[in-house]
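The values are calculated or read from the model by the stated rules, or taken from the named source; none is laboratory data. No experiment lies behind these values; they were computed from the predicted model shown. In this analysis, Cβ positions are derived from the backbone assuming ideal geometry, glycine residues included, and neighbour counts consider all displayed protein chains.
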Amino acid sequence: MNRKAAITVNRSLDEVQRLWRSSDWSPDHIDDDKATVTFAVAPGDRGTEIHVELASPGPGGKVGEVVETVVGAGPVAKAKDELRHFKQLVETGEIARSDAAPEGERVGRKLKQRPAQPLAEHELEKAGA
Amino acid sequence: MRANVWSGRNTVQVEEVPDPQILNDRDAIVKITSTAICGSDLHLYDGYVPTMKRGDILGHEFMGEVVDTGRGVENLAVGDRVVVPFPIACGNCWSCRHELYSVCENSNPNAGMAEKMFGHSTAGIFGYSHLTGGYAGGQAEYARVPYADVGPFKIEDDLSDEQVLLLSDVFPTGFFGADLCDIRGGEVIAVFGAGPVGQFAIASAVMLGAERVIAIDQYDYRLQMALKKAGATDAIDFSRDPDVVEQLKELTGGRGPDAVIDAAGMEATHGHGALHAVDRVKQATRMESDRGHALRDAILACRPGGIVSVVGVYGGLIDKFPSGAFMNKGLQLRAGQCHVHKYLRPLYERIRDGQIDPSFVITHSLELGEAPNGYETFKHKQDECVKVVLKP
């Protein structure tokens, strides 16, 4: 099973490494215990590549992970969400939110999209907006 | 507020929905004064685009007045009159920095979904399925506009809504189609589809210096508009003779057009009888998502070494791609959702300077509540419909 994810952030290596390690950024799924995170300068002045390799699950975790992966919510998909959030925060200063996915990209939202119409008052707070 | 929502295949209805709110610092809220139905909205209406959900507010062509701004929006003030480009673009990523706004890397919060379909995610688009983000559209009284410091274009003179509204999509999209053809003067350009995008592709090819522009459609009233208003020099009506490739060769002394613009897309209606029937069945049974006649014929008709420019919308896959013709004739295939932000100012200036008045395509103006009628009229080409504008 593929356990790798990567993204390119349009910022220098130094800046990306500093922001990744800052206390403002605390990914839930990609953390130091379960993942190897490496950084590389992207060719052609395109910023910095972040490569994540998740550790293999223990024998007990395997079945659950296969099920999650089949429904598109496996650990790699979650790691990709976090990489996208990081890129968005660094490049644009905010998480992209739509009416269908008001918390921003999240695998759990893929199958449970809101309709693309504005949130009612009681939903706004829940979405962290 | 009231909004036009998708409620299943061939059904839209105007409903009461919550008003939009600022969700991010770079958002603005726009009170919509004019919005239009796009040919690509018909692909959603017809049910050929996956990832639609009941209740989705449609519409990606709109303009209006800024009524609220987030803390991060300094270039706009309440009361500003703006046209909003249909792709949602952050302005910060590598693609945006290279004026490739419709493939913005950050604006689609359903990027994972889009990657499954297209290999990569593309930009968010207002009111245009969940694959492009699930953003509420502009066929409504108000819309939330993300990255409002990048997208909305201020209109500071007395041009009417009808003159500038189509800067949101179809005018730039048609211009983009012509721009992809590398027109330097003296070319022959053929345009499949004489809907609004086709009309603007024709007008733009003329403005860029093409010597002859051939309009192709099956509706005479649209071909007449192309000839009389957009500046086409020739017209092919394929309801009379479906062999468009042969007619194009004949019109060009056997050479074929230097470039061909596909402004028809996934629901093309002409083509050779048997192949069309196969495509129709496969699309209806969802075995093939796109009907590819226009693209196939564009490739077969284009002169060797020429350019095929695709701005008509495709959503998935087509069968029988003429790879042999494409490769052996050495064609260049260029395509895209328009990078609208790049074209807003230059095209606005062409309007202001009187080189073009885009309102020539508008045939119908309806109150927002009439949206369901507007969709039916547009879909079935009733009442010589080319473009429907809705007034909230």
Legend entry - Within the stretch A:67-102, tally of residues that are modelled with pLDDT under 95 and assigned to a loop (DSSP other than H, G, I, E, B): 4
Legend entry - Pair list, Cβ under 7 Å, 6 or more apart: the stretch B:212-234 residue in contact (Cβ under 8 Å) with a residue 24 or more places away in the chain, other residue among the basic types (Lys, Arg) and assigned to a loop (DSSP other than H, G, I, E, B): B:219/B:381
Legend entry - Any hit, the stretch B:329-338, residues being closer than 30 Å to residue B:19 by Cα and surrounded by fewer than 17 Cβ atoms within 10 Å (Cβ to Cβ): no
Legend entry - the stretch B:8-20, residues that are touching a strand residue (DSSP E or B) at 6+ places or on another chain (Cβ under 9 Å) and within 10 Å of another protein chain (Cβ to nearest Cβ): B:15, B:17, B:19, B:20
Legend entry - Count of residues meeting criterion [part of a strand (DSSP E or B), touching a residue at least 60 places away in the same chain (Cβ under 8 Å) and more than 23 Å from the chain's Cα centre (by Cα)] in the stretch B:41-76: 3
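Conditions (1) among the basic types (Lys, Arg); (2) under 22 Å from residue B:129 (Cβ atoms); (3) buried (at least 19 other Cβ atoms within 10 Å of the Cβ), marked per residue:
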residue: B:58; (1), (2), (3): no, yes, yes
residue: B:73; (1), (2), (3): no, no, yes
residue: B:78; (1), (2), (3): no, no, no
residue: B:93; (1), (2), (3): no, yes, yes
Inset, instruction - Could you run through the stretch A:8-52 and say how many residues are more than 15 Å from the chain's Cα centre (by Cα), surrounded by 15 or more Cβ atoms within 10 Å (Cβ to Cβ) and charged (D, E, K, R)? - result: 1
